[in-house]
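Data first, discussion second: the structure below is written as structure tokens.
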Amino acid sequence: MKFLEQPQLEMLTSFLSSREMGDRVLNGRIEAFSCKRAGEDKKMAKILEQQYVDELATSPQSLGVSPLGPLSSSSTRRLLIDLISTMNASFPDHDFSVLRPEQFVREHDMNTVMATVNNYLAPLRETYNSTFLEELWLAMESVVRLHECEVYSYIPDMEEDPFSEGNLWSFNYFFFNRSLKRILYFTCIATSKYSLKALRGGAAMDSDMESVGDGEDDGIMGEWEDDA
């Protein structure tokens, strides 16, 4: 997957990095990727494709039906590999290549997805800026045309991943525009403000986001900080 530089998404990611929200600390990121494969990404895709094909040959019923569609279909296998590759690109310290198709869910109602995100992030609007959520969705719409997207979510099910142990809640949404061949990945994790893990995670996210900016530049993120 090729990371696509999008200034508005970079500002949103910076804003959602180590963001205090009451007794919680948020670490979120919104990133866009092209589905074009190259280098190590392409090599991994070939390995996973062969793995699925071999499994179908030996146990066709095991991959016959999944939340993403039948794995006997090459388009379904490509979708699964794209979702896995997106997570690997966004979290390079973790390997999601072992994920199974049943760990993803097809979300059929965009309004429900938006309502879920709005519910989790509503305190940010109350604390920092009353138009935060509107600007969030406008930025995402400009990058991936939400009304044209299929939406998928990831259900954390690994012993070691960024979304499981010690977190209060998390969400992971993939907005996939087939015509643009682009995936917008929106993930957010909430940890107790008083947890040592929150402090460690915040420091790590700060390091990851140094190149993005500190939220003090001109633009919508600067306005949000001014309103705090």
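The values are calculated or read from the model by the stated rules, or taken from the named source; none is laboratory data. Since the model is a prediction, treat every value here as computed from it, not as a measurement. We place every Cβ from the backbone using ideal geometry, glycine too, and count neighbours over all the protein chains shown.
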* **Condition check for ARG78: touching a helix residue (DSSP H, G or I) at 6+ places or on another chain (Cβ under 6 Å) and without any contact (Cβ under 8 Å) to a residue 60 or more places away in the chain** => no
* **Positions within region 138-176 being among the basic types (Lys, Arg) and surrounded by 20 or more Cβ atoms within 10 Å (Cβ to Cβ), in sequence order** => none
* For SER59, which of the numbered conditions (1) over 22 Å from PHE175 (Cα atoms); (2) buried (at least 17 other Cβ atoms within 10 Å of the Cβ) fails to hold? -> (2)
* **Filter result for GLU135 (surrounded by 13 or more Cβ atoms within 10 Å (Cβ to Cβ) and either over 22 Å from GLN6 (Cα atoms) or out of contact with any Phe, Trp or Tyr (no Cβ under 8 Å at 6 or more places or on another chain) (or both))** => yes
* Asked: So which strands (runs of 3 or more DSSP E) stay within region 127-219 end to end and still have 2 or more residues that are modelled with pLDDT of 70 or more, closer than 14 Å to LEU26 by Cα and under 17 Å from the mean Cα position of the chain (by Cα)?
  -> 167-177, 182-192
* Asked: Among the residues of region 49-61, is there at least one that is out of contact with any Phe, Trp or Tyr (no Cβ under 7 Å at 6 or more places or on another chain) and closer than 24 Å to LEU180 by Cβ?
  -> yes
* **Pair list, Cβ under 8 Å, 6 or more apart: region 82-93 residue closer than 12 Å to TYR173 by Cα, other residue surrounded by fewer than 19 Cβ atoms within 10 Å (Cβ to Cβ)** => MET87/HIS94; MET87/PHE96
* Structure fact -> When (1) over 16 Å from the mean Cα position of the chain (by Cα); (2) touching a residue at least 12 places away in the same chain (Cβ under 8 Å) are applied to ALA122, the one that fails is (2)
